[in-house]
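Some notes on the structure that comes next.
The values are calculated or read from the model by the stated rules, or taken from the named source; none is laboratory data. Note that the structure is predicted; figures quoted are calculated from it, not measured. Neighbour counts are summed over all protein chains in view; Cβ atoms, including those assigned to glycine, are modelled from backbone coordinates with ideal geometry. We work out accessible area using only protein heavy atoms, side chains counted, and drop any ligands, DNA or RNA first. Shrake-Rupley method; radii C 1.70, N 1.55, O 1.52, S 1.80 Å.
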Amino acid sequence: MLDRLWSVRVLGVPGAKELAKLAFELAETMAEKEVLWIAAARFDDRAADVHRLKATGILTTSESGALGFSHQTVFEHVLARSFAKTEGRLSAYVLARTDSLFVRPKIWAALAYLRNVEHETYEVELNAIWNDIGLRKHLRFLLIEF
């Protein structure tokens with residue numbers, strides 16, 4: 001369902017490359033900062049693309065004018081797609097944030113996405129995270145549950 005949404009509303013429109021790049025950048029920035037809303041001013045140079053993503057229902061604006069995804073599941077899906085672009089990105093992201101509880105839904109969504117679309121990369125990422133000696137218990141238990 002989320003891939004269909006992405007295909008129709010982002011990849012299926014003129015300027016898809018720019019829209020996808022903006023959505024990935026926004027998701028990656030939000031993930032790095034561990035926030036769900038970010039200042040729209042960061043993307044003033046791409047205001048037209050921001051407007052187009054808002055019109056498609058991918059992005060929304062808070063009462064204060066901050067940008068965010070229309071739903072957390074959309075954010076997690078865009079971030080998972082971003083992780084899928086390069087092998088090792090998910091595990092590097094996770095292992096740099098083992099103390100964060102904010103990382104848990106991202107791991108779940110990204111592993112589920114990778115398992116469905118690219119099983120070999122899923123196995124590589126899962127093993128890289130699982131085999132890290134310093135992996136925190138809350139993440140190890142999450143992987144067991146997954």
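Annotations for the structure displayed:
- Looking at region 47-91, the trypsin sites (Lys or Arg not before Pro) that sit in a DSSP loop and have at most 10 other Cβ atoms within 10 Å of their own Cβ are Lys85.
- Cβ-based charge dipole, region 1-77, positive-most Cα from Ala31, Gly57, Phe75: Gly57
- Per residue, the accessible area of region 1-119 comes to 52 Å², computed with a 1.4 Å probe over protein heavy atoms only.
- Counting only residues at least eight positions apart within a chain, or on another chain, the aspartates and glutamates with an alpha carbon under 13 Å from that of Lys137 are Asp99, Glu145.
- GNM top mover of Glu76, Glu28, Glu63 - the chain, alpha-carbon springs below 10 Å: Glu63
- Residues Leu22, Leu36, Leu126 ordered from highest to lowest accessible area at a 1.4 Å probe: Leu36, Leu126, Leu22.
- Residue among Leu22, Ala40, Met1 farthest towards the positive dipole end of region 1-72, charges placed on Cβ: Met1
- Between helix 72-84 and the chain there is an angle of about 70 degrees, using the helix long axis and the longest principal axis of the Cα atoms.
- Sorting Asp132, Asp45 by solvent-accessible area of protein heavy atoms yields Asp45, Asp132, largest first, with a 1.4 Å probe.
- Charge dipole (debye, nearest 20) of the chain; +1 at Cβ of Lys and Arg, -1 at Cβ of Asp and Glu: 200 debye
- Take the Cα of Ser62, step 7 Å toward its Cβ, do the same at Trp130, and the gap between the two points is 3.8 nm.
- The chain, accessible surface, carbon-and-sulfur percent (1.4 angstrom probe): 53 percent
- Förster radius 22 Å - calculated FRET efficiency between His138 and Leu2 (Cβ-Cβ, nearest 0.05): 0.30
- Computed with every protein chain present, the accessible area of Ser64 is close to 110 Å² [probe 1.4 Å].
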